[in-house]
1. Roughly what angle does helix 135-164 make with the longest principal axis of the chain, taking Cα atoms, 0 to 90 degrees, to the nearest 10?
2. Could you work out how far helix 121-130 tilts from the main Cα principal axis of the chain, as a 0 to 90 degree angle to the nearest 10?
3. Could you bin all the Cα-Cα distances of the chain into 5 Å bins starting at 0 and give me the percent of pairs in each, rounded to whole numbers?
4. Fewest to most neighbouring Cβ within 10 Å: what's the order for 98, 107?
5. In a Gaussian network model over the chain where Cα atoms closer than 10 Å are linked, find which of 104, 220, 162 has the largest mean-square fluctuation.
6. Rounded, prolate or oblate: pick one for region 109-208, where a ≥ b ≥ c are the square roots of the eigenvalues of its C-alpha gyration tensor, a/c under 1.5 means rounded, and failing that, prolate if a/b is larger than b/c, else oblate.
7. Springs between alpha-carbon atoms under 10 Å, Gaussian network over the chain: tell me which of 146, 192, 203 tops the mean-square fluctuations.
8. Along Cα→Cβ, 7 Å out, is where each label goes; now give me the distance between the ones at residue 40 and residue 173 in nm to one decimal.
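None of the figures in this text is laboratory data; all of them are computed from the coordinates on show. No experiment lies behind these values; they were computed from the predicted model shown. Quick reminder, even Gly has a Cβ in these numbers, built from the backbone with ideal geometry, and neighbours come from all protein chains shown.
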């Protein structure tokens with residue numbers, strides 16, 4: 001079965017995919033922090049943050065449609081948060097907060113998607129380990145990403161088996177069997193998790209992420225980090 005992997009643009013040979021993962025994580029974390037700390041009335045600064053987003057997309061060879069579709073997933077939540085603040089603030093400030101909340105959420109999500117889609121997932125986890133992120137967090141993320149596709153396959157197989165044995169595929173019948181499908185999927189996932197854990201322990205798993213690639217910071221990586229942080233600092237001090 002075909003799956004949509006989140007790091008599908010990490011092997012396209014782009015300039016962004018060649019940057020050291022540790023440097024990319026630091027640069028994008030700075031980017032998100034600067035966006036979050038930008039005052040709500042600095043709309044011009046928020047608009048300027050679109051420039052590095054566009055540059056990252058171009059040098060990463062990431063389709064703009066891919067970014068827009070995934071960024072759209074956060075828009076309803078940002079609008080909902082801003083909408084409730086319309087009633088707790090004066091009219092002008094409420095609208096300003098709504099726009100600020102929406103723009104910050106979209107820019108931050110786009111930045112994170114660019115980071116993840118341009119970096120091999122094992123390298124991303126290894127970089128987090130180098131940056132002293134707690135091992136339990138990287139392990140949970142690793143197993144969630146690796147086995148979510150297995151769970152998806154199991155669900156699709158069960159749905160296909162249900163459809164092949166059903167005479168009436170109405171909405172009511174589908175809802176009636178949904179609890180059974182969810183319960184069976186949970187039991188299978190639990191049993192598979194136990195088997196995988198026992199197998200990993202028997203093979204000497206020590207909670208360390210091993211990759212074939214070795215990280216080495218080059219002048220290109222330092223230049224990328226310097227340019228990114230310099231742009232963020234200059235944007236933070238720009239007055240409209």
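1. Helix 135-164 sits at roughly 50 degrees to that axis.
2. Rounded to the nearest ten degrees, it is 60.
3. Calculated over all Cα pairs of the chain, the distribution is 1, 5, 10, 13, 13, 13, 12, 11, 9, 7, 4, 2, 0, 0 percent.
4. The most exposed by this proxy come first: 98, 107.
5. Of 104, 220, 162, the Gaussian network model singles out 162 as fluctuating most.
6. It comes out oblate by the Cα gyration axes.
7. 203
8. Placing both labels 7 Å beyond Cα along the Cβ direction yields 5.3 nm.
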